[in-house]
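Engineer: A single structure is presented below for examination.
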Amino acid sequence: MNPVIHLNDVSRVFPADPPVHALSKIRLRVEQGDYVAIVGPSGSGKSTLLNTLGLLDRPTAGSYLLDGIETTTLKDGARTRLRGHRIGFVYQSFHLLDHRTVAENVMLAEMYGRSGGAGGERARKEPPGATGGGYGRRGRRRRAEEMLEKVGMSHRVDFVPGRLSGGERQRVAIARALMGGPSLLLCDEPTGNLDSRNTGAVLDLFDGLRDQGLTLLVITHEDAVSARANRRVRISDGILTEG
Ligand SMILES: Nc1ncnc2c1ncn2[C@@H]1O[C@H](COP(=O)(O)OP(=O)(O)O)[C@@H](O)[C@H]1O
Ligand SMILES: [Mg+2]
């Protein structure tokens, strides 16, 4: 089976004077079902790595195979479709829309997935209704409710985010990240705004997702978070080291 992530000598240089070597010849293999923590000081290249893995940024050099597909030579539209089908994102600050309900926030994930023209091209293994055209608002609503049930938020579907605790907001953001049926969840400091109890709830949720075969990659500063992963990777000045 192909690894979910296979980076071979991936570099990212930002043009500046002098140029910033944010990622230097990174090699990384992540297998399906791996749970990897990425730790490193501020400015070490963590977000650049996550953006690269999430197909939001392109490497300056090197190869990035996602589920066996070479992504560096794909056109923007193909990269957007691939992202919509395979990758979910979770951020420290949740990125929920204040004036939309929980259910609407989760449903809106699909609109992002479709925005790249995902209409006809549905990934082989995706469950019906995961993304793409042909499923109306009602189908999306049903799927959103399923994802909210997965994260234990069924009782809050019609709330607005302002009425939720931080931990509940992050669970909604995770439900949104799951809408497209991703194989890979990329998380940038997902517990950075949470107290220890809510951090624990989110980490329990991650364990459950990993047990269901999802691959998780989590950037974190917290030992309590990295300790829960199966594997720890350190980045420093754009250079990656295992362990
Ligand atoms: N768009 C950009 N242009 C120039 N330099 C950048 C850009 N984005 C990030 N950098 C630089 O790349 C390095 C790594 O940044 P980043 O990946 O955000 O680090 P981290 O997430 O670990 O704090 C930093 O020196 C940062 O200033
Ligand atoms: Mg960062």
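The values are calculated or read from the model by the stated rules, or taken from the named source; none is laboratory data. All values reported here derive from a predicted model rather than from experimental measurement. All Cβ positions, even for glycine, are placed from backbone atoms using ideal geometry, and neighbour counts span all protein chains on display.
Engineer: Go over the candidates VAL4, VAL90, VAL10 one by one and state the one that is more than 16 Å from ligand 2 (Cβ to nearest atom), in contact with a Pro (Cβ under 6 Å, 6 or more places away or on another chain) and either modelled with pLDDT of 95 or more or at negative phi (or both).
Structural biologist: On the way: VAL4 fails: in contact with a Pro (Cβ under 6 Å, 6 or more places away or on another chain); VAL90 fails: more than 16 Å from ligand 2 (Cβ to nearest atom).
After applying the criteria, what remains is VAL10.
Engineer: Every residue in the stretch 37-53 that is surrounded by fewer than 20 Cβ atoms within 10 Å (Cβ to Cβ) and not hydroxyl-bearing (Ser, Thr, Tyr), please.
Structural biologist: PRO41, GLY43, ASN51
Engineer: Output the residues belonging to the stretch 54-70 that are crowded, with 18+ Cβ neighbours inside 10 Å and within 16 Å of ligand 2 (Cβ to nearest atom).
Structural biologist: Result: GLY54, single match.
Engineer: Six or more apart or on different chains, Cβ atoms under 7 Å: show the pairs whose first residue is in the stretch 215-233 and among the small types (Gly, Ala, Ser) and whose second is away from ligand 1 (no atom under 15 Å from the Cβ) and outside any strand (DSSP E or B).
Structural biologist: Sorted first by the residue in the stretch 215-233, then by its partner, the pairs are ALA224/THR199.
Engineer: Within the stretch 229-243, take every residue that is surrounded by 20 or more Cβ atoms within 10 Å (Cβ to Cβ) and farther than 12 Å from GLY45 by Cα and give me the one that is nearest to ligand 1 (Cβ to nearest atom).
Structural biologist: The initial filter retains those residues of the stretch 229-243 that are surrounded by 20 or more Cβ atoms within 10 Å (Cβ to Cβ), namely 229, 233, 235, 238, 240.
From the residues that got through so far, the ones that are farther than 12 Å from GLY45 by Cα too are 229, 233.
On the way: ALA229: 17, VAL233: 13 Å.
Here the answer is VAL233.
Engineer: Could we say that ALA103 is over 15 Å from LEU216 (Cα atoms) and crowded, with 19+ Cβ neighbours inside 10 Å here? So that I can check it myself, show each step before the final result.
Structural biologist: On the way: over 15 Å from LEU216 (Cα atoms): yes; crowded, with 19+ Cβ neighbours inside 10 Å: yes.
Against the criterion (over 15 Å from LEU216 (Cα atoms) and crowded, with 19+ Cβ neighbours inside 10 Å), ALA103 qualifies.
Engineer: Just to check your reading of the model, which residue among ALA22, ALA37 is within 16 Å of ligand 2 (Cβ to nearest atom), touching a Phe, Trp or Tyr at 6+ places or on another chain (Cβ under 8 Å) and within 19 Å of GLU189 (Cβ to Cβ)? Spell out the reasoning first.
Structural biologist: Working: ALA37 fails: touching a Phe, Trp or Tyr at 6+ places or on another chain (Cβ under 8 Å).
Matching residue, one of ALA22, ALA37: ALA22.
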